[in-house]
Structure formats: C-alpha cells, structure tokens
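**Q** Before anything else, here's the structure in question.
The values are calculated or read from the model by the stated rules, or taken from the named source; none is laboratory data. Fair warning: this is a prediction, and the values are worked out from it, not measured in the lab. Cβ placement follows ideal geometry from the backbone for every residue including glycine, while neighbour counts extend to all protein chains displayed.
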Amino acid sequence: MPTVTMTVNGRQVSGEVEPRTLLVEFLREGLGLTGTHVGCDTSQCGCCVVHVDGKSVKSCTMLAVQADGAEVTTIEGLAADGQLHPLQQAFHENHGLQCGFCTPGMIMSSLELLQRNPDPTEAEVREWLEGNLCRCTGYHNIVKSILAAAAAMRGTAQAAE
Amino acid sequence: MYNFAYHRPRTLAEATQLLAANEDAKLLAGGQTFIPTLKQRLAQPSDLVDLSAIAELRGIREEGGGLTIGATTPHAEVAASEVVRRVVPALADLAETIGDTQVRNLGTLGGSISNNDPAADYPAGLVGLGATVRTSKREIAAEDFFTGMFETALAEDEIVTAVHFPKPEKAAYAKFPNPASRYAIVGVFVARTAGGVRVAVTGAGPCVFRARELENALSADFAPEAVEGVSVSADGLNEDIHASAEYRAHLIKVMAKRAVAAAG
Amino acid sequence: MAEKGIGAAVPRKEDHRFVTGHGRYTDDINLPNQTHAVFVRSPHAHARITRIDKESALAVPGVIAVFTGADAQADGLGSLICGWMVRSRDGSDMKAAPHPVLAVDRVRYVGDPVAVVIAETLQQARDGAEALEVEYEELPAVTSVDRAHDGPLVHDDVPNNLIYDWELGDAAAVDAAFAKAARVVTQEHVQNRLVPNALEPRAAIGSYDAGSEEFTLYLTSQNPHVHRLVMSAFVAVAPEHKLRVVAPDVGGGFGSKIFIYNEECVVTWASRKIGGRPVKWREERSEAFLCDCHGRDHVTKAELALDAEGNFLALRVTTKANLGAYMSTFSSAVPTYLYATLLAGQYRTPAIYANVRAYYTNTTPVDAYRGAGRPEASFLLETLIDKAAREMGIDRAEIRRRNFIPKDAFPYQTPVALTYDTGDYEATLDRALELADYKGFPARKAEAERRGKLRGIGISCYIEACGIAPSQVAISLGAGVGLWESARIRCTHTGKVQVLTGAHSHGQGHETTFSQLVAEKLGVPYEDVEVIHGDTASTPIGMGTYGSRSLAVGGEAIMRACDKIIAKGAKIAAHLLEASEADIEFEAGVFRVKGTDKQKTIQEVIFTAYVPASYPEGVEPGMDESAFFDPPNFTYPAGTYVCEVEVDPETGTVSIETFVAVDDFGRVINPMVVEGQVHGGLAQGIGQALLEGAVYDDSGQLLTGSYMDYCMPRADDLPSFEVHTSPGTPTATNSMGVKGCGEAGAIGAPAAVINALTDAIGQRVEMPATPERVWRAIRTSSMPQAAE
C-alpha cells in the first residue's frame, strides 16, 4: 500500500492507504478528524469541504494519494489557540447552524470566499454556496453569519493597519 | 470503489508510457466526474495515471492572438485568469458556470472535454470558438474531437495536452442550468469570428452541436432580434424528467438570444 | 426577563462543538472490534426472490456473515409495525401487511432490503454485497396512487391495494350546503412526493454484550425510547430492559428519523448472531433516497361551496394517499388525523367532509415529513380559497377576512373534531399585509412588467395542530401509545442542574432553550444548567421529538418537574428559616419568608437537601424530581405568509423576491432559535412548491435518486426571509403559553408560493412548479381556451 504524507492542520502526518481511499476517509478514519462529514455520494452536498493547499475542495471527491505532500486544513484546524475563527464565532452568534452537520463544510467553503473577496454582497455569498447544501437553516442565517464574519474580519484587518 | 494501482508521473512521456503499458489504465485529471464514477463502481480501471504533477500540462498563455490553455488547468484558474478575461472573456464566464467552487478548484479543461458529458459546458466553448485540441499525438479541430455522447476522437493511449482558442470578435455563453445538478439543460455559446458566426449548443442533444439555422440568421444580422424568426427543431433533442425536447428547442433560441445580447 | 431567561435571543450552547468539528454523530463513533454491514437491496420494484446464494458472498475475503429474511424469521424476529390504527368507514381495521426486517420471498420496492453482508471492513462488505447472487422473478408493479386501485397487488391479501377508506365529518350536512350554494369552486391537485434529505444520512451501530446480555444501539433517531419500544415489543430484537438506544448528535430529522426501520433492527440482531462484535452501518445518500421514508404524495379533489357574498358554506374533500410498499411507523395517521382534522383552517366553514383512501404501491414507504398532513391540508384550503376569490372577483385578503373565526369565538369547535383554543387570525393577516406592503403591490407589478417580468403576490393563512398529543384523544383515534413527555430535574450538591428530557434535539437547540426555561424558572445561572437527552440509559422514558411538540409538551414536563423542586425547596427553606411553609415565597432563585429579609438561595437549599444537617421531618433527602406531562389539548400555531415572485416568461423560471412570515406561536422562549426554525421550514416549503419532487417511472425505478436529479433548495434559490413572531396569543394548554414552531414554515409556505405564481401567470401549476411547467402554463394561458 502506498504511504501518504501530508500536513494536516499544521501537523505532519503519514499513513498507509489503499489507493482507493478517499481523502475524507483518511481524515475521518485514519486521523480521527470526524468534523469533516459525508452527506452524499455525488459530490454535491459540501459537508466534506476542506482546504487543500489553500483551496476549498470536496474531500469525498479526492483520493488521499492525490493529497500526498499537500497542506490540508479541516474544521478542527480553524480555531487558533482556542480562539474561534471569526467565521466560527459569527455562525454561533447569528445562529448559522442547527443540526450542525453541514456546518464544517459551510465554514470551510465560506473561508475561501472571504479570502478571495473580503466584502461580498449577499448575492455573491448565496452564489458562492452553490456547492453546499443545508436542510435546516434555509440559508438565511448562514448568509447572515458569513456577512457578519466578513465585516468582523475587515474590522480586524483595518485595526491592524 | 474497486482498487487500482496509482501513478503520478512527472512527464507526459512517462504518462503515455504508463497508459500504453497497462491495458485498463485510465487517466485521472481533476477527478470531479471520474471519482464519483469510481465510487459507484461504474468503472474498474487497473491503474490510475494522475496527470496533476506534469507541469507542462498546466497553465494559460497567449498564443497567436488567441489563448492556449493547458489540459490540467482547473476551471477556477480559467475563470479568474486576467489573460482569459482580456482575450476571450466569454470563456472565463463559461468556466465560472461549471459546477460549484470546489468542483472548479479541481476540475480541469482536459478532463471535462475528454469525458464529453452531453451537458458539460466546455464543449460548447470549444466548438463555438472553433478551438483546436492538442494531444500527445496530434491536433484535432474541436468539431472533430467531440464525436458522440461521452465519446471523443481520442485513441486509448492519447492524452489531451492543451486547447488552443482563437480570439473571436465577440462571444458569449448563456446557460440554462438544471436546477438540481446545475449542468446545462441548454447552454449556447455564440461567437462572431473572422470565419463567420458560430453557435454551439450543449445540453440539448446527445453531443455538442452547431446550430446552423441560428448561425445563418446571425451571420445576416448579429443581433438578438435575428434569433426570433428562426425555427429550432426539437427532433433528436434530449428528453428527460427535467425538460422535454420541445422545451429544450425553445431554450436554445432564448439562450442564443441572450448570448448575442451579452456579446454586445 | 433574565439576561439568558425566557424571551432572550441567547446564542446556542450546542454550537461550540459543531463549529469546531467536535460534534459526535453516529458515524463518528467507532466501537472496538467493530464490523461493517452493507445491505443488499432489491433492484426491482416488485419481484419474487427465487434464490439467494450466500456462499457467493461468504467466499469474498473479509466477509464474516450473510443473513437473509429466512434467518431473521427463523430467529423469531417479528414485523415492523404501523402504530396508529385507522379504521375504514365500514368499521373494518386498516390492512396492515407484514413488514419483515429483511424481505422474505417477495420484494416490493426498489431498495427493499434482501440480505445483509457483514465484513471486517466497509470495502469488504461492499465487495461481498456485490458478489451476493440473488435471483428474482419480476412481477408487475404499480407506483402511482391513481393506478393503485386496479393495479397489481402489492400484498396478496389486500384487495385493490386499499389500506383503508376513511372518512371524517358530516356528509349529509355538506351535501345540503352544496345544494343551496350560490357558487361551487372545484380543484384537483397533486401533493408532490418529497424526500426528507436530512443532511446526515441514517446510521446505526448495534452491539451485544454476552456477559450482561444487553444490546446497545447507537442510532440516528428522533425518539430513542420509541425505537426501543417497537424493537422490543414488536420486532422482538431484545427485551426492552436489555436494550439501550443512544441517539447522539443527530444531523437533522424532519420526520425521517422518527420511524423504526429495517436496518437498525438487523444490525442489533446481527451483532449477537456474530458473537457480539459491533455491527456498523451507514447509508449512502443514494440508499437514503430509496430507503428513508418519503413524504406527502396525495391526489386530491376539493370542492368549496360559497354563498353569493363569498362566505364558505361547506367543504368536500376526496384524497388518495400513497403509503408506499409497507406501512411505516406513523404512516396511517398522516393523511387522516393529521390532515383532515385541519381542513377548517382559520375559517368558520360550518360543514366539512373528507374521504381519504390510502393505498399500497411499489414505492418507498411514505410517512411523516415536516408538517405531516398539515401542509397538505393548508395547501388545499389556501389554493382553493384563492381560486374562489379569483372566480368571484373578491380580493384574496378580503375573502379570508370575511371567513375567519373571529378572535372572540375561542375556544372554537371545528366541524372536523378539533377545538382551537386561541388565535387572532386577522391580526396576523393585517401585520403580514402591512409588512409585505400588499397595497403597494400593483406598482411593483407594473414596474416588473416594464422589465418583461411577470410579478405575483400570494397569501397563505395556515393553521396547524401541534404539541402532539393529548394521549386520550390520540389513543381514542387509534394511536398505539400515549404521547405525553417526561422530564427529570436532577440538582447536584453544588447547585448545578441537570435536565434529563425524553425529547430529542437534532438541530432544534433544546440544550439552549430548555436551559433558558430552567434558568428562569429556578433562578439559577443559565450556565449552571445542563440538558441531557438521547440515551435510554440515562433519560426518563420519553416519546421524542416530532410534531412541534418538544417545548409545548416536553418543556412543560420540565416546568412541572421544576415546580416539584420548588415545592420541596420551600419545605426545606421553611425549616431552615424557621417559618411556616405557607409563608415561603420563591422568586428568582431565592426562598424568602414573606414580608421579611429572611431568605435562602436555591443553591443553599439544594445543598441542604444533600447534606441534611438540619432537615424537616418526613422530607426525603436529595433534590431530584420527575414529571410527566400529558397535554389537555393540541396547540394551534397559525399565521399568515405573503410571498412575492417574479417569473421570466421566456424560460418559466420563478424567483422568490420577498417572503414575509407572521406567526403566532404564543409565547417565544428564544426568538433567534424560533426564527431559525421558521427559516428552515420556509425553505422546505418553497422547495416543495418550486424544486422538489420524487419521480418514479412506471416500472418503479426512482428517477430522482440523487442530488443530480432531486433538486434541493440552495442558497441562491432563496431570498432572505422576513420573519415575525408577534402579535401572539399565548395558549393555556401549557404554563408557558407556547405553541410550537418547528413545522409552520413547511406548512404555510407552499400555498403562499403557488398563489403568488398563479397570480403572476394566471393559472395554477402543479408542484413542483418547474420552469418547464410554468413555461407551458404561460403558453396555454395566452391561448383562448385557457381555463383550469
């Protein structure tokens, strides 16, 4: 079996995997990082979104061997030193989650949006979330959370200047 | 998923060799269609040859006034490329409509056209722009490349390396997405080129095709109104739970009109 | 109001674990020495099983065991049941056919489980399942409820596939009213079949401990005690006291995780068969489409009789309901007691008659899905009333106003069994119309026309019966169980409070809302309250969460357990304060001798209860009280939704421009959570109206078997919603005055959307109103013979 080595949430990890092992399976079963979820088998629900080399991808549609040598960030790696990331904080404050199952993917997906576009409009947020399904919130508070996080992150960025 | 051997060659030559040496080997590009297919056990390759580490297959550059895009360039890169935005903005717009963000981050031009899904977007762009597909063996005109539903002119051991797009005078893509899958129910790519007007339609038939009656009308007058008088036949168009052939025929006109309007 | 007490928009306690990836769903649990199960399912809608060759799968590396229906039968496993008896109008019992946990001899829908393959790894179990040779002899199938009566028999001993032919109401009075009506408005419509699609797929891990002879089942369940009851009393997997069911974090339910399904019974039973190793199963989404119960699927004819002024005289309804291949747990109640009893809506229609026929077909079983019967009733009434208004030239708000039950008429006995306790329908209508700027609509329509768009506005005034249910009423109507709820308040030495509830949270935020309730009631810090749910080993026996009942029924049980804590605390405080118990008052966490400054905090009293140095005679030590609450009536949330749509006439695409919801939920504990519940319900209701629909072909294959073909609402399909929860009329059914909010959005939204669309294009389109359907309707509307 091939051995894969990657940096997951800042920590270098290695493991033997069958080539057919999906990245999400490696994260969940190999590394015990069960915050990344599987909600469908056609690459549409987005519950499994993680970042690979800084870009959001669906970890159910990528083989673990493809991520060999990559930097992977999962929902578990987002809060730094116990401080929630502004997106995590905003989802909490704005009730952007109910059952929580889609939440890690929602947050990891919107993280890339805010990296690319720090001041998105509501329409841009809604369009961006095309690859993430939620059945609980009607998206209303998810959109609100992302806009709130964007504002908070802009505020922090300005304060730092 | 069935198990397979995995290879990540560094050069095209190495990839070609792996493909030739293993009868049931398949290429893996972005995997956004292929991995779901594998998960459903609808394919059983002996070997997967991952093209992602071959530097020469990736990238966007201007060439002869047009664009050349490497086969493993992801849709997101095309959509965000300043070069593409400047030379053929319609192609960036098209790339932006494919799948969702995460699919665009991994899915590639070469993967998309080699799969030739009848509802994929890129085939319309290639045929509409009169692009040329470059492979490990030869160059193929886009119209000759797409031969049928999920079928292309590629030989078993042939690898798409890049696509060259000539610069059109004007072009635009209008898509009516399937509300569930967001693939095209009908996508129409319209281009006015030095060689005439080209209208390529995806989603509506078993394979991308040129709508000659629309091309004729638009050649006479490249304006949205010119589409009105054209009659698009429903014969041979796709029919499924999402859209009848008749509705698709109607949408071809509507999307053509919108594409012409967007092309300006 | 305390800072985090009743009425405060407190951000949820449960969020931290979910936003950091530390939730614990069933699939996140892996037990030592665990095996993996994959179910082999019928590819045919209807077939005889002629041969199963177990050896073919057992030969696959890693495969441990293969079990079939014959094995389950040999072990004495019983049938899955439908727990609500509905009787036909001739007095006969419903025809509940056996529902084996693994098919025996016959399969009746695509996805019907035929065998389970258990292996060391999931991949090996998949390999084994693929290798298992099963031979079938195909039989003719029926999928549509319209063809069920004369179709091939799904169960040989159920003639015409007719499960029951049920009625409610006074047929003679309705006939008499129709005879003298100035106007009769008729509508035939389809309630589209929906797939619930909680984002977390179902999963189960069964394990057996040979030492204690106990079974443990981790499960995606909305009601672990109901699972335990049915699995022990009917399926005979394990004795009830030897079966522990744990529903950890559950990723949404919407009804689909109420029911007792085949797979959880099988993995629990199979664990013992293979010597006690845990057996884990997690469904694929494509399995979920085939095997999780679907919702709705009615065909209805409705007739409304009116006088010349537009007053409703009578309503007559005939509905055929598709219940699928087997009767699921609560399926029989959905198109009957949860549907026809709501046909009065918010109106004083004096005579109503409904006839409902339920049929078996070769499709996935159909059961409760968010709203369950009430969306069907609300849609029927609200679209029919719109049609009457159009045909009679009466404003659509006005015809409703004219027929509302006036606010001084409560309690109000409807002609379909229910007694509404409170409501002010005109107030919610007025507020909604104002917020939606109903008066300004013509200008917006004209502006849209200039842009080439068709704009429409739609009103829907829904009502629902929630807080399910008064046990005696439910049992008299056929329920097999009481529907009370339980709670236990367990205080600790240090004054912390554990709330053990029989309700189950799978997104509703009980940990927060219940903490707010208890914090306010007992006057303890919100942070000192812990809500525990979902484990039959630790929580009192409860009936679970569905029917918008958790707060109205479960919350009241908590309040009553708190009352017992306070009552006991008063005895202890009286003793400590050397006062008479009658002189003790309790407020904001403090026991005080009336009119004095002598007091003890509740924490001091609790400590005394555990360390009774000085203690009243005859009082037991400890502070741990339980209560069960059985509501005297349902609650009746109601409201008005106003939707505005724009239609692109060239493509038929409908976009929701604005959506205003004004709901009367009575008193609101956490407005943020309540609004979130409404948002989610609205999205599902809009999904039903415009996007979602399960489609079978005639051979019984599900054509919408994945997200590629079944259209789930996405963020860009929806607008931001305007949701308001006042003015409210608190109910007296519980001490909090709460009515329930979980289903309202899904109940009221479909009619609001469809009425808006009808207003825009001039005729009603069946749900889901897909672009092509709308485009076709616009084309026929513009033709001269256009008429519904």
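**Q** Please verify whether the range C:254-276 includes one or more residues that are assigned to a strand (DSSP E or B) and of a type outside the set (A, V, I, L, M, F, W, C).
**A** Looking for residues that are assigned to a strand (DSSP E or B) and of a type outside the set (A, V, I, L, M, F, W, C), one finds none in the range C:254-276, hence no.
**Q** Being more than 12 Å from every other protein chain (Cβ to nearest Cβ), in a loop (DSSP other than H, G, I, E, B) and under 18 Å from B:Leu19 (Cβ atoms) is the filter here, so list the residues in the range B:44-71 that pass it.
**A** B:Ile54, B:Ala71
**Q** Go through the residues of the range C:311-322 one by one and say whether even a single one is within 21 Å of the chain's Cα centre (by Cα), part of a loop (DSSP other than H, G, I, E, B), among the polar types (S, T, N, Q) and crowded, with 24+ Cβ neighbours inside 10 Å.
**A** For the range C:311-322, residues within 21 Å of the chain's Cα centre (by Cα), part of a loop (DSSP other than H, G, I, E, B), among the polar types (S, T, N, Q) and crowded, with 24+ Cβ neighbours inside 10 Å: absent.
**Q** For the range B:20-28, check the following and say yes or no: at least one residue is among the charged types (D, E, K, R), under 20 Å from the mean Cα position of the chain (by Cα) and surrounded by fewer than 20 Cβ atoms within 10 Å (Cβ to Cβ).
**A** There is at least one residue in the range B:20-28 that is among the charged types (D, E, K, R), under 20 Å from the mean Cα position of the chain (by Cα) and surrounded by fewer than 20 Cβ atoms within 10 Å (Cβ to Cβ).
**Q** Return a yes/no flag: does the range A:150-160 have any residue that is closer than 23 Å to C:Gln684 by Cα, crowded, with 20+ Cβ neighbours inside 10 Å and either not assigned by TED's automatic domain parsing to the domain that holds A:Val8 or not small (Gly, Ala, Ser) (or both). So that I can check it myself, show each step before the final result.
**A** Here is the first cut: in the range A:150-160, the residues closer than 23 Å to C:Gln684 by Cα are none.
Checking the range A:150-160: not a single residue is closer than 23 Å to C:Gln684 by Cα, crowded, with 20+ Cβ neighbours inside 10 Å and either not assigned by TED's automatic domain parsing to the domain that holds A:Val8 or not small (Gly, Ala, Ser) (or both).
**Q** For B:Val87, state whether it is facing chain A (nearest Cβ under 9 Å), among the aliphatic types (A, V, I, L, M), closer than 27 Å to B:Val188 by Cα and buried (at least 20 other Cβ atoms within 10 Å of the Cβ).
**A** On the way: facing chain A (nearest Cβ under 9 Å): no; among the aliphatic types (A, V, I, L, M): yes; closer than 27 Å to B:Val188 by Cα: yes; buried (at least 20 other Cβ atoms within 10 Å of the Cβ): yes.
No; evaluated as a whole, the condition is false for this residue.
**Q** Now a separate question. Given the criteria under 23 Å from C:Phe659 (Cα atoms) and more than 14 Å from chain B (Cβ to nearest Cβ), does A:Gly155 qualify?
**A** no
**Q** Considering only residues that are in contact with a helix residue (DSSP H, G or I) (Cβ under 9 Å, 6 or more places away or on another chain), more than 17 Å from A:Arg135 (Cβ to Cβ) and of a type outside the set (D, E, K, R), look in the range C:689-724 and name the one that is nearest to the other protein chains (Cβ to nearest Cβ).
**A** Across the range C:689-724, the extreme among qualifying residues is C:Ser720.
**Q** For the range B:155-179, enumerate the residues that are surrounded by fewer than 21 Cβ atoms within 10 Å (Cβ to Cβ) and of a type in the set (A, V, I, L, M, F, W, C).
**A** Within the range B:155-179, B:Ala155 is the sole residue that qualifies.
**Q** Look at the range C:1-49 and say how many of its residues are part of a loop (DSSP other than H, G, I, E, B) and among the acidic types (Asp, Glu).
**A** Qualifying residue count, the range C:1-49: 2.
**Q** Next up: Collect the residues in the range B:34-43 that are within 10 Å of chain A (Cβ to nearest Cβ) and either touching a strand residue (DSSP E or B) at 6+ places or on another chain (Cβ under 8 Å) or in contact (Cβ under 8 Å) with a residue 12 or more places away in the chain (or both), keeping them in residue-number order.
**A** Taking the range B:34-43 first, the residues within 10 Å of chain A (Cβ to nearest Cβ) are B:34-36, B:38-40.
Those that are within 10 Å of chain A (Cβ to nearest Cβ) and either touching a strand residue (DSSP E or B) at 6+ places or on another chain (Cβ under 8 Å) or in contact (Cβ under 8 Å) with a residue 12 or more places away in the chain (or both): B:Phe34, B:Ile35, B:Leu38, B:Lys39.
Residues checked against (1) within 13 Å of chain C (Cβ to nearest Cβ); (2) at pLDDT 95 or above:
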| residue | (1), (2) |
| --- | --- |
| B:Val208 | no, yes |
| B:Glu215 | no, yes |
| B:Ser219 | no, yes |
| B:Pro224 | yes, yes |
| B:Gly229 | no, no |
| B:Ile241 | yes, yes |
| B:Ala249 | yes, yes |
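**Q** Within the range C:442-514, considering only strands (runs of 3 or more DSSP E) that don't extend past its boundaries, which have at least 3 residues that are of a type outside the set (Lys, Arg) and without any contact (Cβ under 8 Å) to a residue 60 or more places away in the chain?
**A** So the answer is C:497-501.
**Q** Oh, and also: Under the condition of being small (Gly, Ala, Ser) and without any contact (Cβ under 8 Å) to a residue 40 or more places away in the chain, which residue from the range A:29-47 is farthest from the other protein chains (Cβ to nearest Cβ)?
**A** Among those residues, the one meeting the criterion is A:Gly30.
**Q** Restricting to the range A:66-84, count the residues that are surrounded by 21 or more Cβ atoms within 10 Å (Cβ to Cβ), outside any helix (DSSP H, G or I) and at the interface with another protein chain (Cβ under 10 Å from one of its Cβ atoms).
**A** Qualifying residue count, the range A:66-84: 2.
**Q** In the range C:142-188, what residues are buried (at least 20 other Cβ atoms within 10 Å of the Cβ) and within 29 Å of the chain's Cα centre (by Cα)?
**A** Within the range C:142-188, C:Val142, C:Thr143, C:Val145, C:Ala148, C:Val154, C:Asn161, C:Ile163, C:Tyr164, C:Trp166, C:Leu168, C:Gly169 qualify.
**Q** Within the range A:118-152, how many residues are within 11 Å of another protein chain (Cβ to nearest Cβ) and assigned to a loop (DSSP other than H, G, I, E, B)?
**A** 8
**Q** Another question about this same structure. Return a yes/no flag: does the range A:48-65 have any residue that is more than 27 Å from C:Pro196 (Cα to Cα), surrounded by fewer than 22 Cβ atoms within 10 Å (Cβ to Cβ), under 14 Å from the mean Cα position of the chain (by Cα) and within 7 Å of another protein chain (Cβ to nearest Cβ).
**A** yes
**Q** Let me ask something else about it. Are any residues in the range A:89-102 without any contact (Cβ under 8 Å) to a residue 24 or more places away in the chain and either over 18 Å from C:His510 (Cα atoms) or assigned to a helix (DSSP H, G or I) (or both), and if so, which ones?
**A** Once the filter is applied, which keeps residues that are without any contact (Cβ under 8 Å) to a residue 24 or more places away in the chain and either over 18 Å from C:His510 (Cα atoms) or assigned to a helix (DSSP H, G or I) (or both), the range A:89-102 yields only A:His92.
**Q** So, one more: Can you name the number of the only condition in (1) surrounded by fewer than 24 Cβ atoms within 10 Å (Cβ to Cβ); (2) within 14 Å of another protein chain (Cβ to nearest Cβ); (3) among the polar types (S, T, N, Q) that C:Ser614 fails?
**A** Of (1) surrounded by fewer than 24 Cβ atoms within 10 Å (Cβ to Cβ); (2) within 14 Å of another protein chain (Cβ to nearest Cβ); (3) among the polar types (S, T, N, Q), only one is false for C:Ser614: (2).
**Q** Does any residue in the range A:53-66 that is free of Cβ contacts under 8 Å to residues at least 24 places away in the same chain come within less than 6 Å, Cβ to Cβ, of a residue that is among the charged types (D, E, K, R) six or more places away or on a different chain, and which pairs are these?
**A** A:Asp53/A:Glu71
**Q** Of the conditions (1) crowded, with 24+ Cβ neighbours inside 10 Å; (2) away from chain A (no Cβ under 14 Å); (3) touching a residue at least 60 places away in the same chain (Cβ under 8 Å), C:Arg202 clears all except one; give me its number.
**A** With respect to (1) crowded, with 24+ Cβ neighbours inside 10 Å; (2) away from chain A (no Cβ under 14 Å); (3) touching a residue at least 60 places away in the same chain (Cβ under 8 Å), C:Arg202 is out only on (2).
**Q** Just wondering, is there one or more residues in the range C:659-669 that are over 28 Å from C:Ala638 (Cβ atoms), surrounded by fewer than 24 Cβ atoms within 10 Å (Cβ to Cβ) and touching a residue at least 12 places away in the same chain (Cβ under 8 Å)?
**A** Among the residues of the range C:659-669, not one is over 28 Å from C:Ala638 (Cβ atoms), surrounded by fewer than 24 Cβ atoms within 10 Å (Cβ to Cβ) and touching a residue at least 12 places away in the same chain (Cβ under 8 Å), which makes the answer no.
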